[in-house]
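Q: Here it is, the structure in full.
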There are 2 protein chains.
Amino acid sequence: MLDFTVEDLSAEDVERLREIYRPLTESVRELIDATIRTDAAAETVAAAKAQIDAATAALRSKQIDGPFGVRFTEQGDRMPWGNAVIGLRNPVAPPLSVQHHPDGSVSADFTLGAAYEGPPGHVHGGVAALILDHMLGEAASPATSPRLTGTISLRYLRPTRLGALRVQAAAERTEGVKTFATGFISDAEGPTVQAEGVFIRPRWVQD
Amino acid sequence: MLDFTVEDLSAEDVERLREIYRPLTESVRELIDATIRTDAAAETVAAAKAQIDAATAALRSKQIDGPFGVRFTEQGDRMPWGNAVIGLRNPVAPPLSVQHHPDGSVSADFTLGAAYEGPPGHVHGGVAALILDHMLGEAASPATSPRLTGTISLRYLRPTRLGALRVQAAAERTEGVKTFATGFISDAEGPTVQAEGVFIRPRWVQD
């Protein structure tokens, strides 16, 4: 069974934590981009590395054991802040800001830069899969009750350029523990990658 | 058409660049983990952020336009250093070190930590897809001639715990421009995610 954590945090506490960690994470995202693209001299790179190591040591002076996990506040607010796609505190996440629509579908507008490259100038096919897996899962999951991927299939219509993109997904139907969902990534010219998947309600989840 | 870059670099130049950038990238990977897991006081976080911003500014004092791309040396060595899965200079990449076996199959042993989390303590399903997409593509591609994902299907046998993992993949057959490949991720107890895909030789590639 997965270990979801309930924290004794008020809405104000959560907002305060958000204000502490969001700027840090955004700075690290900028650093990731700079690390890939820098053409600075070796001494400049070495000096930057020393600053980074000092920052890491300071942050590690007090840290949690293991990964962040998924936490819930007493009010039931979800804090998936370590998540690799949407995590507020995870610099690897683009991050996606998921919009939930009245018809149950979900979407996100996002931008992918140098950190998500596969073919030159284009989104890594696996990054498209990462984003679609997450969004189909969001569409298939009730607000506080996760669904896990059972199967997912992706069709690449054409290469996806790095830059401004959109992803949307919707649940089609539910049969027992299985929810079927579909979605796609698109650029200004239309869809580039399509996905369909089956998401499973774990035995230990009570809706 | 994708823009692959040929650089005027000797093997020694490449090794020198590797020695400059690999330690920087590894430091940023450590910082990513610390950013997710820190429980330090707000002032400590703010001070770390200031150091990171200074490092970013120094690295950006001279940088390339746009993403890294895929470069080749004059000797034909591939330098996919910005790649989101294997990139030596991409802190988002775990990175995977791909082993090519005599039978044409590929494998990699790797470790995923807090930055790749989905369900608490477990690998994000989309991260498993990212890694499998890359490895099936490696298995389907000749050394210097890329294949692009046409379709890929993934089956999740059980949740994959964060930690030490292995991925392996092999090409099954080629029909015209299509190469069929399969693979899986496994932990100490066996396979956790299986994949099969069709990879396409782009029209502009001459083998």
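Q: Ranked by accessible surface with a 1.4 Å probe, highest first, in what order do A:TRP204, B:TRP81 come? Display every interim value, and only then the final one.
A: Working: A:TRP204 75, B:TRP81 15 Å².
The residues order as A:TRP204, B:TRP81, largest area first.
Q: Rank A:GLN194, A:GLN168, A:GLN75 by mean-square fluctuation in a GNM of chain A with C-alpha springs under 10 angstrom and give only the top-ranked residue.
A: A:GLN75
Q: Classify region A:5-111: rounded, prolate or oblate, from the alpha-carbon gyration tensor (a ≥ b ≥ c, eigenvalue square roots; a/c under 1.5 rounded; otherwise prolate if a/b is larger than b/c)?
A: Oblate shape, in that a/c is at least 1.5 and b/c is the bigger or equal ratio.
Q: While we're here: How many nanometers, to one decimal and shortest first, lie between the label point of B:SER10 and those of its other copies, if labels sit 7 Å from Cα toward Cβ?
A: In nanometres, ordered from closest: 6.8.
Q: Let me ask you something else. Amide H of B:GLU7 versus every other amide H placed in the peptide plane: which residues, excluding those fewer than 5 positions away on the same chain, fall under 5 Å?
A: Amide H neighbours of B:GLU7, under 5 Å, 5+ apart: B:PHE72, B:THR73, B:GLU74.
Q: Note down the nm distance, to one decimal, between modelled labels 7 Å out along Cα→Cβ at B:ASP53 and at A:ILE64.
A: 2.6 nm
Q: Starting from the Cα of B:ALA188, step 7 Å along the direction of its Cβ; do the same at B:THR5; then give the gap between the two resulting points in nm.
A: For B:ALA188 paired with B:THR5, the spin-label model returns 4.3 nm.
Q: If you stretched the chain out fully between A:ASP109 and A:LEU157, how much longer would it get, using 0.36 nm times the residue separation minus the C-alpha to C-alpha distance?
A: 15.3 nm is the gain from fully extending A:ASP109 to A:LEU157.
Q: Between B:ALA42 and B:ARG22, what FRET efficiency comes out of the Förster formula 1/(1 + (r/R0)^6) with R0 = 30 Å and r the beta carbon distance, rounded to 0.05?
A: On the way: r = 33 Å, r/R0 = 1.10.
Calculated transfer efficiency: 0.35.
Q: Where is the GNM fluctuation largest for chain B (alpha-carbon springs, 10 angstrom cutoff): B:ILE32, B:ILE52, B:ILE185?
A: The residue that fluctuates most here is B:ILE52.
Q: What are the membrane-span-like helices in chain A by this rule: whole DSSP H runs, Cα extent along the axis at least 20 Å, mean Kyte-Doolittle hydropathy at least 1.0?
A: Flagged H segments are A:125-140.
Q: Looking at chain A only, what percent of DSSP beta bridges run antiparallel? Nearest 5 please.
A: Of those bridges, close to 95 percent are antiparallel.
Q: Where does the protein assembly as shown land at 222 nm, in deg cm²/dmol rounded to the nearest 500, when only DSSP H runs of n ≥ 4 count, each adding -39500 (n - 2.57), divided by all residues?
A: -10500 deg cm²/dmol
Q: Enumerate the aspartates and glutamates that A:LYS178 could reach by cross-link, defined here as Cα to Cα under 19 Å, with residues fewer than 8 away along the same chain left out.
A: Once the sequence-local aspartates and glutamates are set aside, what remains near A:LYS178 is A:ASP133, A:GLU138, A:GLU196, A:ASP207.
Q: If I build a Gaussian network model for chain A, linking alpha-carbon pairs within less than 10 angstrom, which residue out of A:GLU172, A:GLU138, A:GLU196 has the largest mean-square fluctuation?
A: A:GLU172
Q: Ignoring ligands, DNA and RNA and using a 1.4 Å probe, state the total buried accessible area between B and A in Å², rounded to the nearest 100.
A: 7200 Å²
The values are calculated or read from the model by the stated rules, or taken from the named source; none is laboratory data. Not measured: the values here are computed from a predicted model. Neighbour counts run over all protein chains shown; Cβ positions are idealised from the backbone, glycine included. To get the accessible areas, we keep the full protein, side chains included, count just its heavy atoms, and leave off ligands, DNA and RNA. Shrake-Rupley method; radii C 1.70, N 1.55, O 1.52, S 1.80 Å.
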